[in-house]
Ligand code: GLC
């Protein structure tokens, strides 16, 4: 899709940053154009190769797809049953599609989204009967992968319209570009009319700002364009303007000393007070991804050109900052442990004045010799060492993580499988906070007690991001193992929103049943494993100037 823009962008943007304009995945685009009949063969060869080559090392996306197009000759003798049988659709797949379709929301006869949870048994509906922007993403991907783009297009246009509303919290007017956290369609059966109400944070519990909504909107617009090849939507003046408005909110100049985006509490999937404020990894990764997606779709016209330049500069600074200061591995941990403090001037090694005494005990045991991750947050004298799954997976998908860092994130996941995956994929963060820290950080939140909900709970929706990251790094066997876990319980437990406990063994205390993104996340994971070329919708290749290093890793082989 982006081919149309690619060349002009290279010329218009500063020469030294040419590579950024090339970062979209050409090979994936080509693969997506292949006729759909190839699906079965593609899948077979991918599975076969994955048993040997894919499991032993880093494989670039294009080589995965090349493999996928050349039927493998390897015998299936030593192939585990689970793989051999993977041609048989799991019975849960049909159930999931049925449940996903039940969750569809219509506006004047047109599907415009999916409801957050279809849980009639729950006494308290709260806002789970609304279409959440972030929750709709896996639904949208499932529909796109299934060749049903209309609902996604309608959703993008409907939310774009809502962006145009005047938004207020009490007497305070919100920024023009703010996208809603959620919306609801009200049907009047008597008058036979449909109306929409939307929430931009002014009704949300705690009045939290949905910073992630605008980023997801841009990411979804690219996914739609990539999957359908329909350029006409992203090129409309309305969509171009919508993107620019979102970008204006996060590219404006202020007092910042860092290229990361400063956020208040509860601005993303973790929409309650959980110490996730300042520069949280989830928002930084989504910000980076949205910038790259916007860059591939913005027209270099009079209004777009300035944004393109600002994006290129910001991406440059943001990737440097994140890769240098948010990255933690054994070596880096050891360096921080030995940091001097109170250093002044440009020569400071400990730039943020992190106090080694603030390193929590758990992280010393947790950190394997091989492996690493982006920490939760970095700001002056504050490093949140917690591991957050969504931010790390999106870092892989957007290529915010270098190829080495991506491999290290997957290595860590394998090494710490018990802690991060346990019995139900996937922990939203690790570890939980408890006792005094829980009181101070959460403000005594009874929903976020230890190993529950946002505080170390396990969220099935995260399976799709994990699966996508596994495919991108050439380690599908990790995703397969996670999917096996999900398939053993999710349907039986009625698609809960989250699980509780250190191992994620118990259905969450206040978890909704029939949670749509748990259902859609499973479907997306299944479809991506079946046809890895789908990943092109939601993944961006490494900047071509930074050639990935091909490395071996001792990943699981089954
Ligand atoms: C909860 C989650 C949030 C989600 C919403 C609807 O508030 O924290 O991430 O969007 O439920 O499912």
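The values are calculated or read from the model by the stated rules, or taken from the named source; none is laboratory data. If you're wondering where the values come from, they're calculated on a predicted model, not measured in any experiment. We place every Cβ from the backbone using ideal geometry, glycine too, and count neighbours over all the protein chains shown.
For region 339-379, residues that are touching a strand residue (DSSP E or B) at 6+ places or on another chain (Cβ under 9 Å) and assigned to a helix (DSSP H, G or I) total 4.
Within region 106-136, the set of residues being out of contact with any helix residue (DSSP H, G or I) (no Cβ under 9 Å at 6 or more places or on another chain) and surrounded by fewer than 20 Cβ atoms within 10 Å (Cβ to Cβ) comprises 106, 108, 109, 120, 121, 122, 123, 124, 125, 126, 127, 129.
Of 464, 459, which residue is within 14 Å of the ligand (Cβ to nearest atom) and modelled with pLDDT of 95 or more? Before you say what the answer is, go through the steps one by one.
On the way: 464 fails: within 14 Å of the ligand (Cβ to nearest atom).
The unique qualifying residue is 459.
Residue count for region 480-510 under the criterion of being within 17 Å of residue 428 (Cα to Cα) and free of Cβ contacts under 8 Å to residues at least 40 places away in the same chain: the result is 3.
Counting only helices (runs of 4 or more DSSP H) that sit completely within region 62-152, those holding 1 or more residues that are modelled with pLDDT of 95 or more and away from the ligand (no atom under 16 Å from the Cβ) correspond to 91-102, 133-145.
Restricting to region 180-201, name every residue that is in a loop (DSSP other than H, G, I, E, B), away from the ligand (no atom under 13 Å from the Cβ) and surrounded by 16 or more Cβ atoms within 10 Å (Cβ to Cβ). Spell out the reasoning first.
Going through region 180-201, the residues in a loop (DSSP other than H, G, I, E, B) turn out to be 180-181, 189-192, 200-201.
Remaining after also requiring away from the ligand (no atom under 13 Å from the Cβ): 189-192, 200.
Listed by number, the list holds a single entry, 200.
Select the helices (runs of 4 or more DSSP H) contained entirely in region 207-291, then report the ones holding at least 1 residues which are within 16 Å of the ligand (Cβ to nearest atom), surrounded by 19 or more Cβ atoms within 10 Å (Cβ to Cβ) and modelled with pLDDT of 95 or more.
Numbers: elements: 211-228, 231-234, 237-251.
Fully inside region 207-291 and qualifying: 211-228.
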